[in-house]
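K.L.:
Below are the structure tokens for one structure; questions will follow.
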Amino acid sequence: MRAAVFKGLGQPLVVEEVPDPEPAPTDLVVRVKSCGICGSDLHASDVPPGLPPGSVMGHEFAGEVVEVGAQAAGDWKAGDRICALPYIGCGHCAACLSGDGTQCSKIQATGLGQIPGAYAEYVRVGGHESLRLPESLDYDAGATVEPLAVGLHAVRQSGLEPGANVLVIGAGPIGLATALWARFFGARSVVVSEKAAGRLERAAAFGATHGIDASKEHVPGAFAKAAGAPPDILFECVGVPGLVQECIMMAPARARIVVVGVCMQPDTIFPVMAIVKELSLHFVIAYRRDDFAFTLDMLDAERIVSQSMITDRVGFDGFSAAFEALKKPTTQCKVILNP
Ligand SMILES: [Zn+2]
Ligand SMILES: [Zn+2]
């Protein structure tokens, strides 16, 4: 099959022939129809430790089942339209059985150097980790379920209550998804701050009530002006050093800071500032299976829409160039590979 292969740090992906997936008896093989490019893939391809050369990335995907293992969980058959959690757990520990697979001690991640990912014609997934794509949703919408589920999980973990004033830092796909669910669950103000030009315009379609251009405006002041009060919850959706401390500095007493962005470098905070204000600092990772299921239900019911997250589509021809282009400042949001 064809796949976009990681060759080494700082090198472009190369589309070439690779062996077909080798499924375990509990796996399904899926023909990839849509796979989103994720910021963490861009990061992993440039910044140490990177991935083993030869890895195939891609963890935001939907497709059609072409092969069902003899022991695969669920009643899957060839031709089923699915999206899948981008990992395979052991399938029988308490975490796996409750749909909390990221806490399985035997988890193998898809597209991050363990199980080959979906920048490919085919990908193997777990029967247990697969979810049916409703008829109303196309495969591109199916590929947005993963980033949407990240935002949903973050908002659920935050304990957001109706009427809350919320600050979302970062208007990338994860920031937008977080804004969407914060508004969905009744936040009164959802203020999105972003430094990069051209990204804020999209936020209103994702539930943002106000936008702050953080390259020009002082965020705490602009927030107070927009919301009439300081933020009850701050979602850090960027993942670069310094931002957690910025949140600590701008948070009012007893606010909650939810760290959604994945910072892969050492970072410094001054705990005493958080102590004095009795702040809650909450780290979150990915999603549970029911976050995927709820996202699919709400897309199917048209309670949420994700299409405006997708700004570009590309086939294998031009995929490597599209991937490289996303590393430079861009107004693009989600770029989808249609293999
Ligand atoms: Zn991702
Ligand atoms: Zn397990």
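K.L.:
Output the residue which, of all residues in the range 14-71 that are among the acidic types (Asp, Glu) and part of a strand (DSSP E or B), is nearest to ligand 1 (Cβ to nearest atom).
P.N.:
Checking each candidate, the answer is 60.
K.L.:
What single numbered condition from (1) surrounded by fewer than 22 Cβ atoms within 10 Å (Cβ to Cβ); (2) touching a Pro at 6+ places or on another chain (Cβ under 6 Å); (3) not aliphatic (A, V, I, L, M) fails to hold for residue 11?
P.N.:
It is condition (2) that residue 11 fails.
K.L.:
Test each condition in (1) within 13 Å of the chain's Cα centre (by Cα); (2) away from ligand 2 (no atom under 16 Å from the Cβ); (3) not β-branched (Val, Ile, Thr) for residue 85 and report the one that comes out false.
P.N.:
Residue 85 satisfies all of (1) within 13 Å of the chain's Cα centre (by Cα); (2) away from ligand 2 (no atom under 16 Å from the Cβ); (3) not β-branched (Val, Ile, Thr) except (2).
K.L.:
Right, something else. When the residues of the range 208-258 are narrowed to those that are assigned to a helix (DSSP H, G or I) and not aliphatic (A, V, I, L, M), which ends up surrounded by the fewest Cβ atoms within 10 Å (Cβ to Cβ)?
P.N.:
221
K.L.:
Within the range 103-115, count every residue that is of a type outside the set (A, V, I, L, M, F, W, C), within 16 Å of ligand 1 (Cβ to nearest atom) and either part of a strand (DSSP E or B) or in contact with a Lys or Arg (Cβ under 8 Å, 6 or more places away or on another chain) (or both).
P.N.:
Number satisfying all stated conditions: 1.
K.L.:
Could we say that residue 131 is farther than 21 Å from residue 283 by Cβ and at pLDDT below 95 here?
P.N.:
no
K.L.:
Tell me which of these residue 147 doesn't satisfy, since it passes every other one: (1) under 10 Å from the mean Cα position of the chain (by Cα); (2) in a loop (DSSP other than H, G, I, E, B).
P.N.:
(2) is the only condition that residue 147 fails.
K.L.:
Somewhere in the range 118-128, is a residue part of a loop (DSSP other than H, G, I, E, B), in contact (Cβ under 8 Å) with a residue 24 or more places away in the chain, over 13 Å from residue 5 (Cα atoms) and away from ligand 2 (no atom under 12 Å from the Cβ)?
P.N.:
Yes - at least one qualifying residue is present in the range 118-128.
The values are calculated or read from the model by the stated rules, or taken from the named source; none is laboratory data. As the structure is a prediction and not an experimental result, all values here were calculated from the model. Virtual Cβ from ideal backbone geometry, glycine too; neighbours counted across all protein chains shown.
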